[in-house]
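The values are calculated or read from the model by the stated rules, or taken from the named source; none is laboratory data. All figures in this text were calculated on a predicted structure; none of them were measured in a lab. Note that we place each Cβ from the backbone using ideal geometry, even for glycine, and neighbour counts take in every protein chain shown.
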(Lines give C-alpha, C1' and ligand atoms only; values in the text may rest on other atoms or scores of the structure.)
Protein backbone atom coordinates (compact mmCIF):
# COMPACT_ATOMS: atom_id res chain seq x y z
CA UNK A 1 0.00 0.00 0.00
CA UNK A 2 2.85 2.40 0.80
CA UNK A 3 4.17 2.06 -2.76
CA UNK A 4 0.70 2.82 -4.12
CA UNK A 5 0.39 5.97 -2.02
CA UNK A 6 3.85 7.07 -3.11
CA UNK A 7 2.86 6.56 -6.75
CA UNK A 8 -0.25 8.71 -6.26
CA UNK A 9 1.90 11.40 -4.66
CA UNK A 10 4.15 11.39 -7.73
CA UNK A 11 1.16 11.78 -10.06
CA UNK A 12 -0.13 14.70 -8.00
CA UNK A 13 3.27 16.38 -8.11
CA UNK A 14 3.26 15.90 -11.90
CA UNK A 15 -0.20 17.52 -12.05
CA UNK A 16 -1.89 14.39 -13.34
CA UNK A 17 -5.02 14.42 -11.16
CA UNK A 18 -7.11 12.10 -13.36
CA UNK A 19 -4.55 9.32 -13.15
CA UNK A 20 -4.03 10.00 -9.45
CA UNK A 21 -7.78 9.77 -8.82
CA UNK A 22 -8.07 6.51 -10.74
CA UNK A 23 -5.23 4.99 -8.72
CA UNK A 24 -6.68 6.35 -5.46
CA UNK A 25 -10.11 4.88 -6.31
CA UNK A 26 -8.55 1.46 -6.90
CA UNK A 27 -6.54 1.64 -3.69
CA UNK A 28 -9.56 2.88 -1.68
CA UNK A 29 -11.57 -0.12 -2.90
CA UNK A 30 -8.89 -2.45 -1.51
CA UNK A 31 -8.18 -0.48 1.67
CA UNK A 32 -11.41 1.39 2.53
CA UNK A 33 -10.22 2.26 6.04
CA UNK A 34 -6.94 3.91 4.99
CA UNK A 35 -7.09 7.63 5.78
CA UNK A 36 -4.03 8.45 3.66
CA UNK A 37 -5.67 7.02 0.54
CA UNK A 38 -8.82 9.07 1.04
CA UNK A 39 -6.67 12.13 1.71
CA UNK A 40 -4.83 11.71 -1.61
CA UNK A 41 -8.15 11.07 -3.34
CA UNK A 42 -9.48 14.34 -1.90
CA UNK A 43 -6.47 16.24 -3.17
CA UNK A 44 -6.88 14.80 -6.68
CA UNK A 45 -10.55 15.77 -6.69
CA UNK A 46 -9.61 19.26 -5.57
CA UNK A 47 -7.14 19.61 -8.43
CA UNK A 48 -9.94 18.63 -10.81
CA UNK A 49 -12.14 21.36 -9.42
CA UNK A 50 -14.58 18.90 -7.83
CA UNK A 51 -14.44 20.66 -4.48
CA UNK A 52 -17.59 19.23 -2.87
CA UNK A 53 -16.40 15.68 -3.55
CA UNK A 54 -12.93 16.62 -2.35
CA UNK A 55 -14.28 17.88 0.98
CA UNK A 56 -16.34 14.71 1.40
CA UNK A 57 -13.25 12.56 0.80
CA UNK A 58 -11.15 14.64 3.18
CA UNK A 59 -13.76 14.59 5.92
CA UNK A 60 -13.94 10.82 5.53
CA UNK A 61 -10.16 10.68 5.89
CA UNK A 62 -10.36 12.79 9.06
CA UNK A 63 -12.94 10.38 10.51
CA UNK A 64 -10.52 7.52 9.90
CA UNK A 65 -7.54 9.17 11.65
CA UNK A 66 -8.35 9.40 15.36
CA UNK A 67 -4.77 8.75 16.49
CA UNK A 68 -2.35 9.59 13.62
CA UNK A 69 -0.80 13.07 13.87
CA UNK A 70 0.97 12.88 10.50
CA UNK A 71 -2.32 12.14 8.73
CA UNK A 72 -3.94 15.13 10.40
CA UNK A 73 -1.01 17.25 9.25
CA UNK A 74 -1.31 16.03 5.64
CA UNK A 75 -5.05 16.63 5.64
CA UNK A 76 -4.52 20.10 7.05
CA UNK A 77 -2.15 20.86 4.18
CA UNK A 78 -4.75 19.72 1.65
CA UNK A 79 -7.43 21.86 3.29
CA UNK A 80 -4.99 24.78 3.22
CA UNK A 81 -4.42 24.32 -0.52
CA UNK A 82 -8.21 24.42 -0.98
CA UNK A 83 -8.31 27.70 1.00
CA UNK A 84 -10.45 25.93 3.61
CA UNK A 85 -8.45 27.41 6.44
CA UNK A 86 -10.94 26.74 9.22
CA UNK A 87 -10.81 22.99 8.51
CA UNK A 88 -7.02 23.17 8.09
CA UNK A 89 -6.64 24.84 11.49
CA UNK A 90 -8.70 22.11 13.14
CA UNK A 91 -6.46 19.44 11.58
CA UNK A 92 -3.27 21.17 12.72
CA UNK A 93 -4.68 21.48 16.23
CA UNK A 94 -5.36 17.75 16.25
CA UNK A 95 -1.83 17.05 14.97
CA UNK A 96 -0.39 19.19 17.78
CA UNK A 97 -2.61 17.53 20.34
CA UNK A 98 -1.23 14.16 19.26
CA UNK A 99 2.41 15.21 19.48
CA UNK A 100 3.34 16.57 16.03
CA UNK A 101 4.68 19.82 17.50
CA UNK A 102 7.34 20.89 15.02
CA UNK A 103 8.16 23.85 12.78
CA UNK A 104 6.12 22.48 9.86
CA UNK A 105 2.91 22.15 11.84
CA UNK A 106 3.38 25.50 13.54
CA UNK A 107 4.21 27.31 10.30
CA UNK A 108 1.16 25.99 8.51
CA UNK A 109 -1.06 26.65 11.51
CA UNK A 110 0.12 30.26 11.42
CA UNK A 111 -0.73 30.49 7.71
CA UNK A 112 -4.24 29.17 8.42
CA UNK A 113 -4.68 31.81 11.12
CA UNK A 114 -3.46 34.49 8.71
CA UNK A 115 -5.96 33.37 6.07
CA UNK A 116 -8.71 33.57 8.68
CA UNK A 117 -7.66 37.20 9.34
CA UNK A 118 -6.54 36.37 12.87
CA UNK A 119 -3.35 38.34 12.44
CA UNK A 120 -2.50 38.78 16.12
CA UNK A 121 -2.85 35.03 16.70
CA UNK A 122 -0.82 34.31 13.56
CA UNK A 123 1.96 36.65 14.70
CA UNK A 124 2.03 34.99 18.12
CA UNK A 125 2.34 31.61 16.38
CA UNK A 126 5.30 32.73 14.26
CA UNK A 127 6.91 34.49 17.23
CA UNK A 128 6.82 31.12 18.97
CA UNK A 129 8.22 29.31 15.93
CA UNK A 130 11.22 31.64 15.47
CA UNK A 131 11.91 31.50 19.22
CA UNK A 132 11.98 27.70 19.18
CA UNK A 133 13.38 27.21 15.67
CA UNK A 134 15.50 30.34 14.99
CA UNK A 135 17.17 28.73 11.98
CA UNK A 136 13.85 28.18 10.15
CA UNK A 137 13.91 30.66 7.25
CA UNK A 138 10.29 29.93 6.31
CA UNK A 139 9.10 31.00 9.76
CA UNK A 140 10.93 34.32 9.45
CA UNK A 141 9.38 34.80 5.99
CA UNK A 142 5.89 34.09 7.29
CA UNK A 143 6.42 36.35 10.30
CA UNK A 144 7.42 39.14 7.90
CA UNK A 145 4.18 38.70 5.95
CA UNK A 146 2.11 39.23 9.10
CA UNK A 147 4.16 42.24 10.18
CA UNK A 148 3.80 43.78 6.72
CA UNK A 149 0.00 43.44 6.87
CA UNK A 150 0.08 45.07 10.31
CA UNK A 151 2.14 47.90 8.70
CA UNK A 152 5.01 47.23 11.09
CA UNK A 153 7.31 47.65 8.12
CA UNK A 154 10.70 48.02 9.77
CA UNK A 155 10.10 44.85 11.79
CA UNK A 156 9.00 43.07 8.62
CA UNK A 157 12.19 44.15 6.88
CA UNK A 158 14.26 42.82 9.77
CA UNK A 159 12.46 39.47 9.61
CA UNK A 160 13.09 39.20 5.86
CA UNK A 161 16.76 39.99 6.32
CA UNK A 162 16.91 37.24 8.96
CA UNK A 163 15.37 34.81 6.44
CA UNK A 164 17.89 35.83 3.77
CA UNK A 165 20.79 35.54 6.21
CA UNK A 166 19.75 31.92 6.76
CA UNK A 167 19.01 31.26 3.09
CA UNK A 168 20.60 33.83 0.76
CA UNK A 169 19.12 32.29 -2.39
CA UNK A 170 15.55 32.43 -1.01
CA UNK A 171 13.49 33.84 -3.93
CA UNK A 172 10.25 34.23 -1.96
CA UNK A 173 12.04 36.33 0.65
CA UNK A 174 13.74 38.41 -2.05
CA UNK A 175 10.39 39.09 -3.72
CA UNK A 176 8.72 40.10 -0.45
CA UNK A 177 11.63 42.35 0.45
CA UNK A 178 11.43 43.97 -2.99
CA UNK A 179 7.73 44.76 -2.49
CA UNK A 180 8.47 46.09 0.98
CA UNK A 181 11.21 48.38 -0.32
CA UNK A 182 8.87 49.68 -3.01
CA UNK A 183 6.15 50.29 -0.43
CA UNK A 184 8.67 52.30 1.61
CA UNK A 185 9.57 54.35 -1.48
CA UNK A 186 13.03 52.82 -1.98
CA UNK A 187 12.67 52.29 -5.73
CA UNK A 188 16.41 52.12 -6.39
CA UNK A 189 16.88 48.87 -4.49
CA UNK A 190 13.28 47.65 -4.73
CA UNK A 191 13.10 47.61 -8.53
CA UNK A 192 16.43 45.82 -8.84
CA UNK A 193 15.43 43.23 -6.27
CA UNK A 194 12.03 42.81 -7.97
CA UNK A 195 13.79 41.18 -10.91
CA UNK A 196 14.24 38.09 -8.72
CA UNK A 197 10.46 37.46 -9.01
CA UNK A 198 11.02 34.92 -11.78
CA UNK A 199 12.69 32.57 -9.30
CA UNK A 200 9.66 32.81 -7.00
CA UNK A 201 7.34 29.80 -7.10
CA UNK A 202 4.36 32.08 -7.82
CA UNK A 203 5.97 33.47 -11.01
CA UNK A 204 8.29 30.73 -12.20
CA UNK A 205 5.76 29.26 -14.62
CA UNK A 206 5.13 32.70 -16.14
CA UNK A 207 8.74 33.31 -17.07
CA UNK A 208 9.35 33.81 -20.80
CA UNK A 209 12.54 32.31 -22.11
CA UNK A 210 13.61 33.91 -25.38
CA UNK A 211 16.86 33.53 -27.23
CA UNK A 212 16.91 37.32 -27.60
CA UNK A 213 18.35 39.17 -24.59
CA UNK A 214 16.27 41.18 -22.14
CA UNK A 215 16.52 44.93 -22.53
CA UNK A 216 17.56 46.48 -19.22
CA UNK A 217 17.99 50.07 -20.38
CA UNK A 218 21.76 49.74 -20.75
CA UNK A 219 21.86 49.20 -24.52
CA UNK A 220 20.61 51.49 -27.28
CA UNK A 221 17.25 50.72 -28.91
CA UNK A 222 18.18 52.66 -32.02
CA UNK A 223 17.22 50.60 -35.07
CA UNK A 224 15.93 47.75 -32.87
CA UNK A 225 12.57 46.06 -32.45
CA UNK A 226 11.64 45.62 -28.79
CA UNK A 227 9.09 43.07 -27.61
CA UNK A 228 7.30 44.11 -24.43
CA UNK A 229 5.15 41.37 -22.90
CA UNK A 230 2.41 41.81 -20.31
CA UNK A 231 2.54 39.93 -17.03
CA UNK A 232 0.42 39.43 -13.94
CA UNK A 233 -2.97 41.21 -13.71
CA UNK A 234 -4.91 43.57 -15.95
CA UNK A 235 -4.25 46.51 -13.62
CA UNK A 236 -0.50 45.88 -13.75
CA UNK A 237 -0.55 45.97 -17.55
CA UNK A 238 -2.54 49.20 -17.60
CA UNK A 239 -0.34 50.90 -15.00
CA UNK A 240 2.96 50.09 -16.67
CA UNK A 241 1.73 50.54 -20.25
CA UNK A 242 2.75 54.21 -19.77
CA UNK A 243 6.33 53.09 -20.43
CA UNK A 244 5.55 51.55 -23.83
CA UNK A 245 5.38 54.86 -25.75
CA UNK A 246 8.60 55.90 -24.00
CA UNK A 247 10.29 52.77 -25.35
CA UNK A 248 8.74 53.36 -28.77
CA UNK A 249 10.32 56.82 -28.84
CA UNK A 250 13.76 55.19 -28.64
CA UNK A 251 13.25 52.04 -30.72
CA UNK A 252 12.64 51.55 -34.41
CA UNK A 253 9.55 49.55 -33.46
CA UNK A 254 7.82 48.13 -30.38
CA UNK A 255 5.72 44.98 -30.27
CA UNK A 256 3.45 44.91 -27.23
CA UNK A 257 2.04 41.48 -26.36
CA UNK A 258 -1.08 41.98 -24.20
CA UNK A 259 -4.01 40.12 -22.72
CA UNK A 260 -6.83 39.71 -25.23
CA UNK A 261 -9.28 41.54 -22.95
CA UNK A 262 -7.11 44.68 -22.90
CA UNK A 263 -6.14 44.85 -26.56
CA UNK A 264 -8.89 47.27 -27.78
CA UNK A 265 -8.11 49.71 -24.97
CA UNK A 266 -4.33 49.52 -25.30
CA UNK A 267 -4.63 50.11 -29.03
CA UNK A 268 -5.00 53.80 -28.10
CA UNK A 269 -1.36 54.02 -26.95
CA UNK A 270 0.64 56.53 -29.00
CA UNK A 271 3.76 55.60 -30.96
CA UNK A 272 5.12 53.05 -33.41
CA UNK A 273 3.57 50.13 -31.54
CA UNK A 274 2.16 46.87 -32.82
CA UNK A 275 -0.18 45.02 -30.48
CA UNK A 276 -0.21 41.23 -30.40
CA UNK A 277 -2.65 39.14 -28.40
CA UNK A 278 -1.00 36.81 -25.88
CA UNK A 279 -0.73 33.31 -27.31
CA UNK A 280 -0.55 34.47 -30.94
CA UNK A 281 2.63 34.17 -33.08
CA UNK A 282 5.16 36.93 -32.47
CA UNK A 283 6.87 38.92 -35.24
CA UNK A 284 10.68 39.09 -35.30
CA UNK A 285 12.27 41.18 -32.54
CA UNK A 286 15.75 41.97 -31.26
CA UNK A 287 15.22 42.50 -27.53
CA UNK A 288 12.45 41.84 -25.04
CA UNK A 289 11.24 43.11 -21.67
CA UNK A 290 8.48 42.14 -19.25
CA UNK A 291 6.26 45.20 -18.86
CA UNK A 292 6.91 45.40 -15.11
CA UNK A 293 10.66 45.51 -15.69
CA UNK A 294 10.37 48.77 -17.64
CA UNK A 295 10.48 51.02 -14.53
CA UNK A 296 13.93 49.60 -13.77
CA UNK A 297 15.06 49.96 -17.39
CA UNK A 298 14.05 53.64 -17.29
CA UNK A 299 15.70 54.07 -13.86
CA UNK A 300 12.47 55.18 -12.22
CA UNK A 301 12.57 56.70 -8.75
CA UNK A 302 9.67 57.79 -6.59
CA UNK A 303 10.32 61.33 -7.82
CA UNK A 304 10.60 60.49 -11.52
CA UNK A 305 7.52 58.33 -12.13
CA UNK A 306 6.31 59.20 -15.66
CA UNK A 307 2.86 60.72 -15.30
CA UNK A 308 2.02 62.11 -18.74
CA UNK A 309 -1.69 61.58 -18.18
CA UNK A 310 -3.77 60.57 -20.06
CA UNK A 311 -1.82 57.93 -21.90
CA UNK A 312 -4.91 55.91 -22.83
CA UNK A 313 -8.17 57.10 -24.36
CA UNK A 314 -11.66 55.74 -24.85
CA UNK A 315 -12.67 55.09 -28.46
CA UNK A 316 -14.85 57.86 -29.88
CA UNK A 317 -17.34 55.43 -31.42
CA UNK A 318 -17.81 53.55 -28.14
CA UNK A 319 -18.19 56.79 -26.20
CA UNK A 320 -20.84 57.97 -28.67
CA UNK A 321 -22.70 54.68 -28.35
CA UNK A 322 -22.69 54.89 -24.54
CA UNK A 323 -23.79 58.53 -24.67
CA UNK A 324 -26.85 57.47 -26.64
CA UNK A 325 -27.66 54.77 -24.06
CA UNK A 326 -27.46 57.12 -21.08
CA UNK A 327 -30.12 59.63 -20.16
CA UNK A 328 -29.38 63.32 -20.47
CA UNK A 329 -27.00 64.46 -17.76
CA UNK A 330 -28.94 66.17 -14.97
CA UNK A 331 -26.45 66.05 -12.11
CA UNK A 332 -22.98 64.87 -11.25
CA UNK A 333 -22.26 61.48 -12.82
CA UNK A 334 -20.29 59.10 -10.62
CA UNK A 335 -18.93 55.69 -11.65
CA UNK A 336 -18.70 53.11 -8.85
CA UNK A 337 -16.47 50.06 -8.56
CA UNK A 338 -16.82 48.28 -5.22
CA UNK A 339 -15.51 44.77 -5.80
CA UNK A 340 -12.32 43.30 -7.19
CA UNK A 341 -11.53 39.69 -7.92
CA UNK A 342 -11.93 37.34 -4.97
CA UNK A 343 -8.89 35.84 -3.32
CA UNK A 344 -7.13 35.13 -0.03
CA UNK A 345 -5.27 37.63 2.08
CA UNK A 346 -4.84 41.20 0.89
CA UNK A 347 -6.40 40.57 -2.53
CA UNK A 348 -9.69 39.52 -0.97
CA UNK A 349 -9.71 42.67 1.21
CA UNK A 350 -10.02 45.04 -1.73
CA UNK A 351 -13.78 44.52 -2.01
CA UNK A 352 -16.61 46.31 -0.22
CA UNK A 353 -20.09 44.84 0.30
CA UNK A 354 -22.48 46.90 -1.82
CA UNK A 355 -24.82 47.61 1.10
CA UNK A 356 -22.03 49.51 2.91
CA UNK A 357 -22.14 52.14 0.16
CA UNK A 358 -25.67 53.24 1.14
CA UNK A 359 -24.45 56.54 2.75
CA UNK A 360 -22.70 57.42 -0.50
CA UNK A 361 -25.61 56.40 -2.72
CA UNK A 362 -27.98 58.60 -0.70
CA UNK A 363 -26.35 61.71 -2.22
CA UNK A 364 -28.05 63.44 -5.19
CA UNK A 365 -25.78 62.11 -7.92
CA UNK A 366 -26.30 59.88 -10.96
CA UNK A 367 -24.47 56.70 -9.94
CA UNK A 368 -23.37 54.12 -12.52
CA UNK A 369 -21.89 50.72 -11.76
CA UNK A 370 -18.56 50.03 -13.51
CA UNK A 371 -18.79 46.36 -12.47
CA UNK A 372 -19.06 43.83 -15.26
CA UNK A 373 -19.61 40.88 -12.93
CA UNK A 374 -22.46 41.48 -10.50
CA UNK A 375 -23.71 38.75 -8.18
CA UNK A 376 -27.37 37.84 -7.93
CA UNK A 377 -27.58 39.37 -4.47
CA UNK A 378 -25.98 42.61 -5.66
CA UNK A 379 -28.36 42.74 -8.62
CA UNK A 380 -31.34 42.45 -6.26
CA UNK A 381 -29.90 45.05 -3.92
CA UNK A 382 -29.18 47.46 -6.78
CA UNK A 383 -32.92 47.62 -7.52
CA UNK A 384 -33.42 49.22 -4.11
CA UNK A 385 -30.60 51.72 -4.67
CA UNK A 386 -30.21 54.67 -7.05
CA UNK A 387 -27.60 52.76 -9.05
CA UNK A 388 -27.58 52.16 -12.80
CA UNK A 389 -26.05 48.81 -13.74
CA UNK A 390 -24.88 47.81 -17.23
CA UNK A 391 -23.59 44.22 -17.10
CA UNK A 392 -24.98 43.23 -20.50
CA UNK A 393 -23.57 46.28 -22.29
CA UNK A 394 -20.09 46.09 -20.75
CA UNK A 395 -18.47 43.57 -23.06
CA UNK A 396 -14.89 44.43 -22.15
CA UNK A 397 -12.43 46.99 -20.85
CA UNK A 398 -12.92 49.26 -23.87
CA UNK A 399 -16.60 49.61 -22.93
CA UNK A 400 -15.59 50.27 -19.32
CA UNK A 401 -13.27 53.05 -20.54
CA UNK A 402 -16.04 54.56 -22.66
CA UNK A 403 -18.45 54.62 -19.72
CA UNK A 404 -15.73 56.09 -17.48
CA UNK A 405 -15.20 58.82 -20.09
CA UNK A 406 -18.80 59.95 -19.55
CA UNK A 407 -18.43 60.11 -15.77
CA UNK A 408 -17.47 63.24 -13.84
CA UNK A 409 -15.86 61.16 -11.10
CA UNK A 410 -14.88 57.53 -10.49
CA UNK A 411 -15.01 56.09 -6.97
CA UNK A 412 -13.35 52.70 -6.79
CA UNK A 413 -11.55 50.10 -4.74
CA UNK A 414 -8.11 48.90 -5.86
CA UNK A 415 -8.95 47.15 -9.15
CA UNK A 416 -7.98 47.31 -12.81
CA UNK A 417 -10.88 49.73 -13.35
CA UNK A 418 -9.20 52.21 -10.99
CA UNK A 419 -6.03 51.99 -13.09
CA UNK A 420 -8.03 52.61 -16.26
CA UNK A 421 -9.67 55.68 -14.73
CA UNK A 422 -6.26 56.97 -13.67
CA UNK A 423 -4.72 56.28 -17.09
CA UNK A 424 -7.59 58.19 -18.72
CA UNK A 425 -6.93 61.14 -16.42
CA UNK A 426 -10.41 60.92 -14.90
CA UNK A 427 -10.88 62.26 -11.36
CA UNK A 428 -10.49 59.13 -9.24
CA UNK A 429 -11.26 58.61 -5.57
CA UNK A 430 -9.61 55.39 -4.54
CA UNK A 431 -10.68 53.57 -1.35
CA UNK A 432 -7.81 51.50 0.01
CA UNK A 433 -7.53 48.75 2.64
CA UNK A 434 -5.34 49.15 5.71
CA UNK A 435 -2.39 47.28 4.18
CA UNK A 436 -2.57 48.73 0.68
CA UNK A 437 -0.49 47.55 -2.26
CA UNK A 438 3.04 48.93 -2.62
CA UNK A 439 2.17 51.29 -5.46
CA UNK A 440 -0.04 53.42 -3.17
CA UNK A 441 2.69 53.85 -0.52
CA UNK A 442 1.90 53.61 3.18
CA UNK A 443 0.46 57.07 3.74
CA UNK A 444 -0.76 60.19 1.97
CA UNK A 445 -3.82 61.17 -0.05
CA UNK A 446 -2.13 61.36 -3.44
CA UNK A 447 -0.03 59.16 -5.72
CA UNK A 448 2.54 60.14 -8.36
CA UNK A 449 1.30 57.26 -10.53
CA UNK A 450 -2.04 58.97 -11.15
CA UNK A 451 -2.11 62.74 -10.48
CA UNK A 452 -5.91 62.84 -10.83
CA UNK A 453 -6.37 60.38 -7.94
CA UNK A 454 -7.23 61.01 -4.30
CA UNK A 455 -6.63 58.17 -1.85
CA UNK A 456 -9.01 57.36 1.00
CA UNK A 457 -7.40 54.89 3.39
CA UNK A 458 -8.77 52.64 6.09
CA UNK A 459 -7.64 54.04 9.47
CA UNK A 460 -7.75 50.52 10.93
CA UNK A 461 -7.88 47.00 9.55
CA UNK A 462 -11.24 46.00 8.02
CA UNK A 463 -12.74 49.44 8.63
CA UNK A 464 -14.51 50.35 5.39
CA UNK A 465 -17.02 52.59 7.16
CA UNK A 466 -14.45 55.37 7.67
CA UNK A 467 -13.25 55.78 4.06
CA UNK A 468 -16.84 55.50 2.80
CA UNK A 469 -17.90 58.21 5.27
CA UNK A 470 -14.97 60.40 4.21
CA UNK A 471 -15.79 59.94 0.52
CA UNK A 472 -19.46 60.73 1.17
CA UNK A 473 -18.52 63.83 3.16
CA UNK A 474 -16.14 65.08 0.47
CA UNK A 475 -18.70 64.45 -2.26
CA UNK A 476 -21.37 66.18 -0.18
CA UNK A 477 -19.13 69.24 0.13
CA UNK A 478 -18.63 69.33 -3.62
CA UNK A 479 -22.35 69.06 -4.25
CA UNK A 480 -22.94 71.84 -1.74
CA UNK A 481 -20.63 74.01 -3.79
CA UNK A 482 -22.56 73.12 -6.95
CA UNK A 483 -19.36 71.55 -8.22
CA UNK A 484 -18.98 70.31 -11.76
CA UNK A 485 -16.36 67.97 -13.18
CA UNK A 486 -13.84 70.80 -13.40
CA UNK A 487 -14.06 71.28 -9.62
CA UNK A 488 -13.18 67.68 -8.75
CA UNK A 489 -9.47 67.84 -8.10
CA UNK A 490 -7.20 65.53 -6.13
CA UNK A 491 -6.63 66.49 -2.53
CA UNK A 492 -3.15 67.66 -1.61
CA UNK A 493 -1.02 64.93 -0.08
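For this structure, a couple of remarks:
- Test: residue in the stretch 105-116 that is farther than 26 Å from residue 236 by Cβ, surrounded by fewer than 17 Cβ atoms within 10 Å (Cβ to Cβ) and in the same structural domain as residue 70 (by TED's automatic domain parsing): yes
- Residue within the stretch 354-367 that is at pLDDT below 90 and part of a loop (DSSP other than H, G, I, E, B) present: no
- So residue 169, is it in contact with a helix residue (DSSP H, G or I) (Cβ under 9 Å, 6 or more places away or on another chain), surrounded by fewer than 21 Cβ atoms within 10 Å (Cβ to Cβ), modelled with pLDDT under 95 and outside the structural domain of residue 462 (by TED's automatic domain parsing): yes
Table: residues versus (1) in the same structural domain as residue 415 (by TED's automatic domain parsing); (2) closer than 28 Å to residue 339 by Cα; (3) over 25 Å from the mean Cα position of the chain (by Cα).
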| position | (1), (2), (3) |
| --- | --- |
| 165 | no, no, yes |
| 198 | no, no, no |
| 211 | no, no, yes |
| 248 | no, no, yes |
| 267 | no, yes, no |
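Residue-wise test of (1) touching a strand residue (DSSP E or B) at 6+ places or on another chain (Cβ under 8 Å); (2) buried (at least 17 other Cβ atoms within 10 Å of the Cβ); (3) under 22 Å from residue 95 (Cβ atoms).
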position: 4; (1), (2), (3): no, yes, no
position: 9; (1), (2), (3): no, no, yes
position: 22; (1), (2), (3): no, no, no
position: 68; (1), (2), (3): no, yes, yes
position: 71; (1), (2), (3): no, yes, yes
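- Screening residue 256 on (1) buried (at least 16 other Cβ atoms within 10 Å of the Cβ); (2) touching a residue at least 60 places away in the same chain (Cβ under 8 Å); (3) touching a helix residue (DSSP H, G or I) at 6+ places or on another chain (Cβ under 9 Å) shows it passes everything except condition (2).
- Single condition residue 380 does not satisfy, out of (1) outside any helix (DSSP H, G or I); (2) surrounded by fewer than 19 Cβ atoms within 10 Å (Cβ to Cβ): (1)
- Criterion (touching a helix residue (DSSP H, G or I) at 6+ places or on another chain (Cβ under 8 Å), crowded, with 20+ Cβ neighbours inside 10 Å and not in a helix (DSSP H, G or I)) met by exactly one of 336, 385, 294: 336
- Among the residues here, residue 323 does not qualify as touching a strand residue (DSSP E or B) at 6+ places or on another chain (Cβ under 9 Å) and either assigned to a loop (DSSP other than H, G, I, E, B) or surrounded by fewer than 18 Cβ atoms within 10 Å (Cβ to Cβ) (or both).
- Test result for residue 432, within 19 Å of residue 472 (Cα to Cα), under 18 Å from the mean Cα position of the chain (by Cα) and surrounded by fewer than 24 Cβ atoms within 10 Å (Cβ to Cβ): yes
- In the stretch 59-148, counting only helices (runs of 4 or more DSSP H) that sit wholly within it, the ones holding 3 or more residues that are under 23 Å from residue 173 (Cα atoms) span 69-81, 103-115, 119-132.
- Residue check for residue 103: out of contact with any helix residue (DSSP H, G or I) (no Cβ under 9 Å at 6 or more places or on another chain) and either touching a residue at least 24 places away in the same chain (Cβ under 8 Å) or more than 17 Å from residue 36 (Cα to Cα) (or both): no
- Search result, residues across the stretch 187-216 that are outside any helix (DSSP H, G or I) and surrounded by fewer than 16 Cβ atoms within 10 Å (Cβ to Cβ): 205, 206, 207, 208, 209, 210, 211, 212, 213, 214, 216
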